[in-house]
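Engineer: Take this structure first; my questions come after.
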Amino acid sequence: MVKPIKRAAEKIGKFIAGMRFFVLVPIIGLAIAAVVLFVKGSIELFYFINELIYGIERTEIEGSIIVEIVEIVHLFLVGTVLFITSLGFYELLIQPLALSPWLQTHNIEELELNLVGLTIAAIAVNFLSVMFDKNDSNLAVYGLGYALLIAALAYFMKVRSDAAEQTS
């Protein structure tokens, strides 16, 4: 009687362990989305440089050039967030990868902290594009909103890292 129960438990354990491969769907999706953003950012950068070299008029406003550069950097930052998240999920749930130490993910807290840190950088870059946009008259409102969001995320990072240190 014990052997059939033990075999059933082993089969259930193997099934549950195999379910971790279902995570490949979001991992691949995040990696594809990151590649799409990198390609889109590269194309935007190519067109922007081409416009600067061949099509810029002397009356071009310097602020719009800065906004365009900031928006391109924003695409690359969001792509980086998606790529690092994809790598982190793979490392945590499938198998470790031979990565640079700063890219290695050992637990979900590290992945969260990396994700939140990169998100803060992406939000700050997004605010820069709003700041240099001359059409926006509500800069203080946007600034306050962005500042509150960044402060909340920074507080989250502090609480999470303090909790991680206490459990280590």
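Engineer: Specify which of the listed residues (Lys11, Lys3) is assigned to a helix (DSSP H, G or I), surrounded by 10 or more Cβ atoms within 10 Å (Cβ to Cβ) and of a type outside the set (Ser, Thr, Tyr).
Structural biologist: Lys11
Engineer: Here's another thing I want to ask about it. Regarding the stretch 130-137, can at least one residue be identified that is in contact (Cβ under 8 Å) with a residue 12 or more places away in the chain, touching a helix residue (DSSP H, G or I) at 6+ places or on another chain (Cβ under 6 Å) and aliphatic (A, V, I, L, M)?
Structural biologist: Scanning the stretch 130-137 turns up at least one residue that is in contact (Cβ under 8 Å) with a residue 12 or more places away in the chain, touching a helix residue (DSSP H, G or I) at 6+ places or on another chain (Cβ under 6 Å) and aliphatic (A, V, I, L, M).
Engineer: Quick one: which residue in Ile66, Ile43, Ile53, Ile49 is over 27 Å from Val159 (Cβ atoms), surrounded by fewer than 18 Cβ atoms within 10 Å (Cβ to Cβ) and touching a residue at least 60 places away in the same chain (Cβ under 8 Å)?
Structural biologist: Of Ile66, Ile43, Ile53, Ile49, the one residue that is over 27 Å from Val159 (Cβ atoms), surrounded by fewer than 18 Cβ atoms within 10 Å (Cβ to Cβ) and touching a residue at least 60 places away in the same chain (Cβ under 8 Å) is Ile66.
Every number in this text was worked out from the coordinates using simple rules, so none of it is lab data. Since we're looking at a predicted model, the values are computed, not measured. Backbone-built Cβ (ideal geometry, glycine too); neighbour counts: all protein chains shown.
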